[in-house]
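Beneath this line is the structure, given in structure tokens, with notes to follow.
Nothing in this text is a laboratory measurement; each read-out follows from the coordinates by a stated rule. Computed from a predicted structure; not experimentally measured. Note that we place each Cβ from the backbone using ideal geometry, even for glycine, and neighbour counts take in every protein chain shown.
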Amino acid sequence: MKILSLLFGILLLIGTFVWFSYFVPLGCGMNPTGCHEEFSVWSQIGLIHFWAPTAVAAAAIVYGFKRS
């Protein structure tokens, strides 16, 4: 369980960075009406798409390290 928790946390952390830095702006760019929006980690979109999964990943990593 310790290894799975650490693996889940690390993969989720990597996936979160890829998701927020690549796929969220890509989805905006695919909008046919055009999109001129910047995505900050301090915005509402950042809270949903960056901080929530980052917190879950951090919790899984801490849980994996503390598990005996």
Note down all Cβ pairs under 7 Å where the first residue falls in region 33-45 and is closer than 13 Å to F20 by Cα, the second is of a type outside the set (V, I, T) and assigned to a loop (DSSP other than H, G, I, E, B), and they're at least six residues apart or on different chains.
I45/F39
With a cut-off of at least 3 residues that are touching a Cys at 6+ places or on another chain (Cβ under 9 Å), name the helices (runs of 4 or more DSSP H) lying wholly within the chain.
24-29
Scan region 20-45 residue by residue and report those that are under 15 Å from A55 (Cα atoms) and in contact with a His (Cβ under 7 Å, 6 or more places away or on another chain).
F20
Of the residues L6, L47, L12, which single one is more than 11 Å from the chain's Cα centre (by Cα) and surrounded by 10 or more Cβ atoms within 10 Å (Cβ to Cβ)?
L6
